[in-house]
Amino acid sequence: MRSDQEVNRAIERYSDTVRRLCMIRLKNYADTEDIFQTVFLKYVLSSVSFENEEHEKAWFIRVTINACKDLLKSFFRSHAVSLDEIAEQASECPPDYRDVLEAVMSLPQKYRDVVYLHYYEDYTAAEIGHILGKNVNTVYTLLTRSKQMLREKLGGDGYE
């Protein structure tokens, strides 16, 4: 079990990343908070020793993605309708950001993951491949296809 100091440091360092990944995958604040708690509980109980900060960050990303996948596959999730889907929430983003965010959110999951890791977390294709367990060339292909899809959705080359 990890010390309070280690846990607090990890929460300060990785909380934004974990929450953003969850929101991109789950599109639901309540589920995001549940997964957030699950990920950091796994961290507290984990005895994994990390080689460096990048290894630790990759661990958090991988555990978060897996926890989101598990939630999305659950019986309850597949047979329930979220309140977020029923009631439309007012977005806090400026209109330009909202357009881009909606376009990214409308991408299939495999494209959303690489777009998020590349453009929001600044990972290279090689690092993304390692995190997601994909070939580097596959990551480049997914990035290229996602850019093309976003270009079509957003109406041109103005969003690069």
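Among the numbered conditions (1) at pLDDT below 90; (2) over 24 Å from Glu12 (Cα atoms); (3) open to solvent by 50 Å² or more (accessible area, probe 1.4 Å); (4) of a type outside the set (Ser, Thr, Tyr), the only one that Val104 does not meet is (3).
Does Arg9 count as assigned to a helix (DSSP H, G or I), open to solvent by 40 Å² or more (accessible area, probe 1.4 Å), of a type in the set (D, E, K, R) and without any contact (Cβ under 8 Å) to a residue 24 or more places away in the chain? Give the derivation first.
Numbers: assigned to a helix (DSSP H, G or I): yes; open to solvent by 40 Å² or more (accessible area, probe 1.4 Å): yes; of a type in the set (D, E, K, R): yes; without any contact (Cβ under 8 Å) to a residue 24 or more places away in the chain: yes.
Judged against the criteria, Arg9 is a match.
Filtering the stretch 140-160 for residues that are open to solvent by 50 Å² or more (accessible area, probe 1.4 Å), under 28 Å from Glu33 (Cα atoms), at pLDDT below 90 and not hydrophobic (A, V, I, L, M, F, W, C) leaves an empty set. For the stretch 31-54, the criterion of being of a type in the set (S, T, N, Q), under 19 Å from Tyr111 (Cα atoms) and touching a Leu at 6+ places or on another chain (Cβ under 8 Å) is met by no residue.
Just to be sure I understand, how many residues within the stretch 22-53 are in a helix (DSSP H, G or I), open to solvent by less than 60 Å² (accessible area, probe 1.4 Å), of a type outside the set (Phe, Trp, Tyr) and within 13 Å of Arg2 (Cα to Cα)? Counting residues in the stretch 22-53 that are in a helix (DSSP H, G or I), open to solvent by less than 60 Å² (accessible area, probe 1.4 Å), of a type outside the set (Phe, Trp, Tyr) and within 13 Å of Arg2 (Cα to Cα) gives 1.
The values are calculated or read from the model by the stated rules, or taken from the named source; none is laboratory data. From a predicted model like this one, the values you see are computed outputs, not experimental measurements. Virtual Cβ from ideal backbone geometry, glycine too; neighbours counted across all protein chains shown. SASA here: full protein model, heavy atoms, side chains in, ligands and nucleic acids out. Shrake-Rupley method; radii C 1.70, N 1.55, O 1.52, S 1.80 Å.
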